[in-house]
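Colleague: Please read through the structure below; I'll follow up with questions.
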Amino acid sequence: VDAYLANYYYDKYDLKKAGEYFKNITLLEPNDYNSCYNVARAYYDLSYIYYITGKQNLSLIANQKSFECFTKINNPKGLAFVYSNYSNIYTAIGDKKRAIENADKAIKAYKSIDNTYNVYIGLINKISIYDFMKDSRKAALIDSTYQAFIDSKDDSKILKIKLYDFKAENLVQQNKLTEAKKILDDLKPIVEEINSDDLTLEYKVALAQY
């Protein structure tokens, strides 16, 4: 019941109530794989709520608890989530070294379970860290990730929007405006089809740079 209500209020963006139910789950004593997974996931979700509400110290504590539980049951996908969350938290507090280290750990964990989609999400997250930290390695990582995506013939539209947006940004900065326009034109029908506010905004930001 707590898990259902926690996710219900989380989806409604009532983070205070969602957090209360996630806390209830963390109070349980896990006695098998599933119960330990549920506690680990609750700590992760609680950590993410703290992260997006600016409570980074509490976020770190909850994320560490999640890490301990996922480690106990040897769940690499859960650990990848935790590493990714660590990278976000450390980015928010300005710890560039740890942010990048944990982004790399997340990517490695996703590769270990052949989760290609989340490998790309991890690389996109790392690009965003470089962007936030004004790191000069950003452009090269965009180019290598974009090329790997093209070569893979992956058909994920969400990944395509995110990576094409980054690539267009690179091309604009290199004054390759014709190539940038072609990428943005190719993206337009996909953005309209998905009809996501967040992805549409990302596309408009990339378009504004052109």
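The values are calculated or read from the model by the stated rules, or taken from the named source; none is laboratory data. In this text, all values refer to a predicted model and were calculated from it rather than measured experimentally. When we count neighbours, we look across all protein chains shown, and the Cβ atoms used for this are built from the backbone with ideal geometry, even at glycine. Heads up: the accessible areas ignore ligands, DNA and RNA and are worked out on the full protein's heavy atoms, side chains in. Shrake-Rupley method; radii C 1.70, N 1.55, O 1.52, S 1.80 Å.
Colleague: Would you mind checking the pairs LYS108/LYS167; LYS65/LYS108; LYS17/LYS204; LYS126/LYS157; LYS23/LYS72; LYS16/LYS108 and listing those with alpha carbons more than 25 angstrom apart?
Modeller: From LYS108/LYS167; LYS65/LYS108; LYS17/LYS204; LYS126/LYS157; LYS23/LYS72; LYS16/LYS108, over 25 Å: LYS17/LYS204; LYS16/LYS108.
Colleague: Please report, for the Cα atoms of the chain, the Rg to one decimal and the Dmax as a whole number; what are they, in angstrom?
Modeller: According to the Cα coordinates of the chain, Rg and Dmax are 18.7, 60 Å.
Colleague: For Cα pairs less than 8 Å apart in space and 6+ apart in sequence, what is the mean separation divided by the residue count of the chain, i.e. the relative contact order in percent?
Modeller: Reported as a whole number, the value is 10 percent.
Colleague: If ligands, DNA and RNA are left out, what is the accessible area of PHE132 with a 1.4 Å probe, given in Å² to the nearest 10?
Modeller: In the full protein context, PHE132 sits at about 130 Å².
Colleague: Of THR53, THR145, THR116, which is the most mobile in a GNM of the chain whose springs link Cα atoms less than 10 angstrom apart?
Modeller: THR53
Colleague: Per residue, how many Å² of accessible area does the chain show with a 1.4 Å probe?
Modeller: That works out to 57 Å² for each residue.
Colleague: Between the stretch 137-185 and the stretch 1-74, what is the separation of their alpha carbon centroids in Å?
Modeller: 35
Colleague: For ASP185, tell me the accessible area in Å² from a 1.4 Å probe, rounded to the nearest 10.
Modeller: Here the accessible area works out near 80 Å².
Colleague: Let me ask another. Would you mind telling me the share, in percent, of accessible area of the stretch 125-193 contributed by carbon and sulfur at probe 1.4 angstrom?
Modeller: The nonpolar share, carbon plus sulfur, comes to 51 percent.
Colleague: Can you sort PHE67, PHE22 by 1.4 Å-probe accessible area, starting with the largest?
Modeller: Listed by decreasing accessible area, they come as PHE67, PHE22.
Colleague: Another question, if that's okay. Taking Rh as the Kirkwood radius computed over C-alpha pairs, what is the Stokes-Einstein D of the stretch 108-202 at 20 °C in a medium of viscosity 1.002 mPa s, expressed in µm² per second?
Modeller: 154
Colleague: Shifting gears a bit: For the charge dipole of the chain, defined by +1 on Lys and Arg C-beta atoms and -1 on Asp and Glu C-beta atoms about the Cα centroid, which residue among VAL172, ALA6, LEU27 has the Cα displaced farthest towards the positive pole?
Modeller: VAL172
Colleague: Now, a different point. Counting only the heavy atoms of the protein chains, how much of ARG137 is accessible to a 1.4 Å probe, in Å² to the nearest 10?
Modeller: 120
Colleague: What aspartates and glutamates sit close enough to LYS96 to cross-link, taking a C-alpha to C-alpha distance under 18 Å and skipping anything fewer than 8 places away on the same chain?
Modeller: The reachable aspartates and glutamates, counting only those whose Cα sits under 18 Å from LYS96, are ASP104, ASP131, ASP135.
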